[in-house]
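The values are calculated or read from the model by the stated rules, or taken from the named source; none is laboratory data. All of these numbers come straight from a predicted model, not from anything done at the bench. Positions of Cβ are backbone-derived with ideal geometry, glycine not excepted, and every protein chain shown enters the neighbour counts. Areas reflect the complete protein model, heavy atoms only, side chains present, ligands, DNA and RNA absent. Shrake-Rupley method; radii C 1.70, N 1.55, O 1.52, S 1.80 Å.
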Amino acid sequence: MGKAIWDYYHNEDPQDLQTETSISEMDELPVDYLFRDFQDMNKIEQKALKLSQGKILDIGAGAGSHSLYLQNERKLDITALDISPKSIEVCQLRGIKKAVAENMLHFSGEAFDTILLLMNGTGIFQSLTVIDIYLKKLYSLLNKNGQILIDSTDILYMFDKDEDGGVYIPAEGYYGELDYTVHYKGESEDPIKWLYLDFNTLKNAAENNGFHIEKVMQDEDSYLAKLIKK
């Protein structure tokens, strides 16, 4: 994804990304979507950006569209964080003043009033077996009474149903734990673990790690949640 972002910004024969999961077929992701303006973002993203306040950390910043809006339009103190060096270079070239290429688990030294995790922000948690590691890390990055704004989708609708409305889901593991693969220009990265969470499962994990949680909004099967550090 970082390569696609780099190519698009520098106009070096950018092509659309292809993504697939262990339960879905190949799908196109137009690379220009990663450079969209506020008015082209979905309702959940717009709501999260409006609720952002104070000193902000944008985790999984990608091309930096969320960070740019908060920095330039709302004049907030924002740090863009992404594991991809190419993505962060583009963030810097687009004018983001604070941009860091780092795995969030290794990022430290600052505390924030708002942490953003958008575009299925729960994906970064990988699986339920390690979600506590990520939530504890996020907790440590927040100031007192700080908030996390995170979105996800309950993907139960993607599974087959029987005549009585029952859903056929995998017998082992949580149904939202998927393998996610990105293809670009004929090359594929190794599949990564990607987690989609229903709200109640996120709620239980958040409360077990010292957060108060509320659902801010629902948009069909997707939702935005706010986690407050107690």
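Does Asp37 fit the bill of being open to solvent by 20 Å² or more (accessible area, probe 1.4 Å), out of contact with any Pro (no Cβ under 9 Å at 6 or more places or on another chain) and acidic (Asp, Glu)? Quick ask: steps written out before the conclusion?
On the way: open to solvent by 20 Å² or more (accessible area, probe 1.4 Å): yes; out of contact with any Pro (no Cβ under 9 Å at 6 or more places or on another chain): yes; acidic (Asp, Glu): yes.
When the stated conditions are applied, Asp37 passes them.
Restricting the first member to segment 203-228 and to residues that are under 14 Å from Asn145 (Cα atoms) and in contact (Cβ under 8 Å) with a residue 12 or more places away in the chain, and the second to residues that are of a type outside the set (A, V, I, L, M) and part of a loop (DSSP other than H, G, I, E, B), the beta-carbon pairs closer than 8 Å and six or more apart or on different chains are Gly210/Lys230; Phe211/Lys230; His212/Lys230. On the stretch given as segment 43-93, residues that are open to solvent by 20 Å² or more (accessible area, probe 1.4 Å), part of a helix (DSSP H, G or I), under 18 Å from Lys226 (Cα atoms) and touching a residue at least 60 places away in the same chain (Cβ under 8 Å) total 3.
Cβ-Cβ distances below 6 Å connect no pair with a first residue in segment 1-15 that is polar (S, T, N, Q), a second residue that is assigned to a helix (DSSP H, G or I), and a separation of six or more residues or different chains. For segment 5-14, name all the residues that are out of contact with any Leu (no Cβ under 8 Å at 6 or more places or on another chain) and open to solvent by 80 Å² or more (accessible area, probe 1.4 Å). If the condition is that a residue be out of contact with any Leu (no Cβ under 8 Å at 6 or more places or on another chain) and open to solvent by 80 Å² or more (accessible area, probe 1.4 Å), then Asn11, Glu12, Asp13 are the ones that fit.
Within segment 190-209, the set of residues being in a loop (DSSP other than H, G, I, E, B), surrounded by 13 or more Cβ atoms within 10 Å (Cβ to Cβ) and not hydrophobic (A, V, I, L, M, F, W, C) comprises Pro191, Tyr196, Asp198, Asn209.
Against the definition (surrounded by 17 or more Cβ atoms within 10 Å (Cβ to Cβ) and not hydroxyl-bearing (Ser, Thr, Tyr)), how does Glu25 come out, yes or no? When the stated conditions are applied, Glu25 does not pass them.
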